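To start, the structure itself, in structure tokens.
Nothing in this text is a laboratory measurement; each read-out follows from the coordinates by a stated rule. Keep in mind the model is a prediction, meaning the values are calculated, not measured. Note: ideal-geometry Cβ built from the backbone for every residue, glycine included; neighbour counts use all protein chains shown.
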Amino acid sequence: MIVVSGIQPTGNLHLGNYLGAIRNWVKMQDDMDGDSRCLFFLADLHAISMPHDPAQLKSNTLEMAAALVACGLDPARCTLFNQAQVPAHPELQWLLNGTARMGWLSRMTQWKDKAGKNREGASAALLTYPVLQAADVLLYQATHVPVGDDQKQHLELARDIAQKFNNDFATEEKPVFTLPEPFIPPKAARIMSLRDGSKKMSKSDPSEMSRIELADDADTMAQKVKKAKTDPEPLPSEIEGLEGRPEALNLVSIFAALDESTPEAVLAQYGGQGFGQFKPALADKMVEKLGPIRDRFVDLNGDREQLDAILARGAAQARDLAGNTLDAAYEALGLVRG
Ligand code: TYM
């Protein structure tokens, strides 16, 4: 098993990232056997596809590295790095740009959402973003890519690109790329905003009240949960009773994910109670589960030298691992790699 996944260092790590993706990265790292390998990276090259502040990007990259280690990633057992230190990523992207089709890219939901009506004014990087994402995983022959539900479409595209490249430039016996499988947790694949149950929790939401950040202290978490949008009805005892109540469903799902139980079990315990009772219990659960991560994060985040060293070591490993696939891709295309 070769596990590869990334996160954009565009803001703080939030509960959606943690429950939807990072917690699974840690589990996969912990369950890894001798033949497996895990690579996790900060997608800082992806982060320049939208307007950004360079100083902020630099500090967010280190901060996100601290957050990942605080969540349980162990740089001795996985390769932890940032894309910008591994030029093989943008290099392979360019090679894959010859295979990716404009039609595929312009159908991506993220492109449509982020470019909005102003497509002419969007960066070319935003359009070719998924090709870099394909390069990220194909470079290491990834077999499993743990992500939240919103990244499924990008991974399907990575598979399409790999398949077309193999068909066009390789033989069936000796394909250049492995087709990666998205690995999406059945629970918590889509944590929603605390302010609007129809929108996913996101770093780019202008309202900080919409998301729980892993760097939030206990009081801030409790305040955000208290102010979370809900409806006036008490919680039902059965899951069917949450239909048409997206905010209530989201809070119950968050509780279940934190507690590693199920929404049904949460309703069996809290059914019949109002949010006045459920919200403080949810806030307590968050503080119990996320508090220790926050404490580790605060410690590590102060040690920039150690973080730089972790990323430099990870990047050296990644550069080594990327060489063979990059060579094979150049050769398949009739190019001599310098
Ligand atoms: P990003 O930085 O938006 O998110 C990182 C991971 O967190 C998951 N996630 C969520 N899961 C559940 N509920 C949510 N509300 C939520 N918000 C985010 C995402 O699905 C993701 O797994 N394009 C990617 C980064 C990337 C990448 C890659 C991922 C670059 N190259 C290669 C996998 C493989 C992104 O912007 O994720």
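In a shell of Cβ-Cβ distance under 14 Å around VAL225, excluding VAL225 itself, what net charge do Lys and Arg (+1) and Asp and Glu (-1) give?
In short, +1.
How large is the Kirkwood hydrodynamic radius of the chain, counting all unique pairs of alpha carbons, in Å?
21.1
For a bin width of 10 Å, list the pair-distance distribution of the stretch 188-338 built from all Cα-Cα distances, rounded to whole %.
Whole-percent P(r) values from 0 Å outward: 10, 30, 23, 15, 14, 8, 2.
If I take R0 = 45 Å and measure r between the Cβ atoms of LEU333 and SER207 in this structure, what FRET efficiency does the formula 1/(1 + (r/R0)^6) give, to the nearest 0.05?
The value I calculate is 0.45.
Positive end of the dipole of the stretch 72-118, charges at C-beta (+1 Lys, Arg; -1 Asp, Glu), about the Cα centre: which of GLN93, CYS78, ASN118 has its Cα farthest in that direction?
Towards the positive end, the residue furthest out is ASN118.
Once you compute Rg and the Kirkwood Rh from C-alpha atoms, what is the Rg to Rh ratio for the stretch 211-283?
0.95
For the chain, what is the mean residue ellipticity at 222 nm derived from helices alone (per DSSP H run of n ≥ 4: -39500 (n - 2.57); sum divided by total residues; nearest 500 deg cm²/dmol)?
-16500 deg cm²/dmol
Hey, how much of the P(r) for the stretch 1-144 falls beyond 23 Å, as a percent of Cα pairs?
38
To the nearest µm²/s, what D does Stokes-Einstein give for the stretch 107-152 at 37 °C and 0.692 mPa s, using the Kirkwood radius over alpha carbon pairs as Rh?
It diffuses with D of about 274 µm²/s by this estimate.
Taking R0 as 45 Å, what FRET efficiency do you get between HIS52 and GLU238 from their Cβ-Cβ distance, rounded to the nearest 0.05?
0.50
Using the beta-carbon distance between ASP33 and LYS117 and R0 = 56 Å, what value does 1/(1 + (r/R0)^6) give for FRET efficiency, to the nearest 0.05?
Computed FRET efficiency for ASP33 and LYS117: 0.70.
Between the alpha-carbon centers of the stretch 98-131 and the stretch 217-279, tell me the distance in whole angstrom.
About 37 Å separates the Cα centre of the stretch 98-131 from the one of the stretch 217-279.
Among the complete DSSP H segments of the chain, which ones combine at least 24 Å of alpha-carbon extent along their axis with a mean Kyte-Doolittle hydropathy of -0.5 or more?
54-71, 275-301, 304-332
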